[in-house]
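Here the structure is laid out as structure tokens; the discussion comes afterwards.
The values are calculated or read from the model by the stated rules, or taken from the named source; none is laboratory data. These numbers were taken from a predicted model, which means no experiment stands behind them. As a convention, Cβ positions derive from the backbone with ideal geometry for all residues, glycine included, and neighbour counts pool all protein chains shown. Each accessible area value is taken on the protein alone, full model and side chains, heavy atoms only, with ligands, DNA and RNA left out. Shrake-Rupley method; radii C 1.70, N 1.55, O 1.52, S 1.80 Å.
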Amino acid sequence: MFRKIRIFLEMIKIEHTLFALPFAFMGAILGSMLVNDTFPTWMQIMWVLLAMIGARSAAFGLNRMIDQAIDKKNPRTAMRAIPAGLLKNGEVVIFIVVSFALLFWASSNLNVLSMQLLPIAVFMLVLYSYTKRFTWLCHIVLGMTLGLAPLGGWVAVTGTMDWTAIVLYVTIVFWTAGFDIIYACQDLEFDQEEGLHSIPSRFGLTKSLNIAKFFHVITAVGFLALLLMTDLSWWYGAGMLITYGILFYEHYIVSPNDMSRVQTAFFTMNSVLSVVVFTFTLIDLAVK
């Protein structure tokens, strides 16, 4: 049983929770403080957490199911649980259904708007896994999907959506798309051979890394806009300086001539970034 649990956790890349979860909590806390002038309740945070667990588990399960034939051909992904025969399709289907049920249950315990927007979230979770079959904009679609984490957190505790929430959403969209382009550079040759669509397979390594840089400039502008649009102060500003340093270093350690540190740029740097942004936002709001 424990071995099977470990395989499921590996399938959904539980460690990648550090990308989205801090931003979901940031959206919830920032939205609650700006709209309700108070921190969200522990019950609200619990439902946001459960919704996130359900959403990302369903998303990864779907992605692994839909992409299993592609994953089996790719040397980098051939040992993933489904193509390696460690999990059966039926087991993964049950896992996906349970995950969606958890997302629905959590959303139903939040507010009306959360439930109204749930079909959009489910659609985006399903759509992303198919996009690399027909468009190199798949990275943007992934960003639009992961960006629902902070937007969903905001809506979950406020029942509303305003321009600040939209700016936060767009900021995370381009942050995600940027680091996903860097990650996709690993599969440039495979994607070209298989006729799969991505920015690296369409534009090549050098142009793709420049596009990722441009996307992260948009991210930096978005974080600055949040400072100007809200009453966030110097604590948040200090966190942004660290965040900008992380973004710079992420692009500094990868180049067309040296892609050996892609995993560090993709996972380590962006995990640290999300925790830094959330932590300094929380401190800023807590000390007011």
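Size estimate for the range 1-140 follows the Kirkwood approach: the inverse of mean 1/r over distinct Cα pairs works out to 16.4 Å. The mean of 1/r over all distinct Cα pairs in the range 133-205, once inverted, gives the Kirkwood hydrodynamic radius of 13.2 Å. Distance from the Cα centroid of the range 92-107 to that of the range 1-68 is 12 Å (rounded to whole angstrom). Rounded to the nearest 0.05, the FRET efficiency derived from the C-beta distance between Trp42 and Ser108 at R0 = 25 Å is 0.85. Taken over the Cα atoms of the range 60-148, the convex hull encloses 99 Å³ per residue. For Lys88, which lysines qualify as cross-link partners when the Cα separation must be under 16 Å and same-chain residues fewer than eight apart are set aside? Filter leaves Lys4, Lys72.
Note on the range 183-251 and the range 151-170: Cα centroid distance 21 Å, given to the nearest whole angstrom. Taking all Cα pairs closer than 8 Å and separated by 6 or more residues, the relative contact order of the range 1-118 comes to 29 percent.
May I ask you to give the solvent-accessible area per residue for the range 1-47, in square angstrom, as obtained with a 1.4 angstrom probe?
Working: 2550 Å² over 47 residues.
Computed with neighbouring chains in place, this is 54 Å² per residue.
By the Kirkwood approach, averaging reciprocal distances over each pair of separate Cα atoms, the range 6-54 gets a hydrodynamic radius of 11.9 Å.
The mean sequence distance of close C-alpha pairs (under 8 Å, at least 6 residues apart), as a share of the length of the chain, puts its relative contact order at 21 percent. In the range 164-285, the convex hull through the Cα atoms has an average projected area of 7.3 nm², a quarter of its surface area.
The largest accessible area among Val48, Val126 belongs to the first residue in Val126, Val48, and the rest follow in falling order (1.4 Å probe, all chains).
Taking 4 °C and 1.567 mPa s as conditions, the chain diffuses translationally at an estimated 67 µm²/s according to Stokes-Einstein applied to its Kirkwood radius (Cα pairs). Rounded to the nearest 20 debye, the dipole size of the range 22-144 about its Cα centre is 600 debye, using +1 on the Cβ of Lys and Arg and -1 on the Cβ of Asp and Glu.
Taking a straight line from the alpha carbon of Lys132, these aspartates and glutamates sit under 20 Å away, with near neighbours fewer than eight places off in the same chain left out: Asp67, Asp71, Asp180, Asp187, Glu189, Asp191, Glu193, Glu194.
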